[in-house]
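*Asks:* First the structure, which I've put down as structure tokens, then a few questions once you've had a look.
The values are calculated or read from the model by the stated rules, or taken from the named source; none is laboratory data. Since this is a predicted model, take the numbers as computed values, not measurements. Counting neighbours? That spans all protein chains shown, and the Cβs are built from the backbone with ideal geometry, glycine included. Side chains included, ligands, DNA and RNA excluded: accessible areas come from the protein's heavy atoms. Shrake-Rupley method; radii C 1.70, N 1.55, O 1.52, S 1.80 Å.
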Amino acid sequence: MIKWNGVKHTYQMIDLRNILLILGVLSAVWVIGIWLPYKNYQRLENGSSATTSVAQIAQVQVRYTEKGFDPQTVAVKVGTTVAWINVSGRPMWVASDPHPTHTDLPGFDQKEIINMKDKFLFLHLALAHGDGIYEYTFTKIGAWKYHNHINPNDRGTVIVK
């Protein structure tokens with residue numbers, strides 16, 4: 001019991017403890033929800049283990065940078081999986097030529113945007129798409145040209161033998 005301004009106030013400590021516990025849990029969830037996606041982004045920016053894990057999954061990697069696709073041309077065997085990794089500050093949507101119909105190689109179309117810089121703001125997008133990675137397995141021989149649907153001037157080619 002506390003006396004304040006001449007009035008007696010009774011507080012139940014169990015209610016205050018529950019409120020503090022709930023606030024602590026909510027704070028921890030909020031911090032982890034912001035910190036983990038940011039740390040994953042930093043790891044990708046620095047080119048560390050996320051790129052290595054992609055190398056174990058895909059046989060060939062193409063990075064989408066501020067200057068476009070790097071390398072612009074890759075040569076692979078039939079059945080090879082190519083992984084495009086967005087390490088730029090711009091959105092990436094890999095799709096086969098021609099723009100905007102993507103009909104040269106049906107199925108070779110990401111159909112969604114992957115944006116690495118804003119990943120922590122769009123956590124659902126990052127989780128759904130493996131940290132800014134689009135993968136496609138080439139099963140047809142040919143020279144398959146592609147582009148970034150969001151910025152069609154960024155182009156590349158996959159030569160499948």
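*Asks:* Please find, within the range 139-152, the residue that is farthest from Gln110 (Cα to Cα) out of those that are in contact (Cβ under 8 Å) with a residue 60 or more places away in the chain and surrounded by fewer than 21 Cβ atoms within 10 Å (Cβ to Cβ).
*Replies:* Ile141
*Asks:* Taking the options Gln61, Gln72, name whichever one is open to solvent by 30 Å² or more (accessible area, probe 1.4 Å), at pLDDT 90 or above and in contact with a helix residue (DSSP H, G or I) (Cβ under 7 Å, 6 or more places away or on another chain).
*Replies:* None of the others qualify; the one that does is Gln61.
*Asks:* If I ask for residues that are in contact with a Ser or Thr (Cβ under 7 Å, 6 or more places away or on another chain) and more than 24 Å from Lys140 (Cβ to Cβ), which ones from the range 67-97 would you list?
*Replies:* Val87, Ser88 - these are the residues of the range 67-97 that are in contact with a Ser or Thr (Cβ under 7 Å, 6 or more places away or on another chain) and more than 24 Å from Lys140 (Cβ to Cβ).
*Asks:* Which numbered condition trips up Ala128, out of (1) open to solvent by 20 Å² or more (accessible area, probe 1.4 Å); (2) at pLDDT 90 or above?
*Replies:* It fails just one condition, (2).
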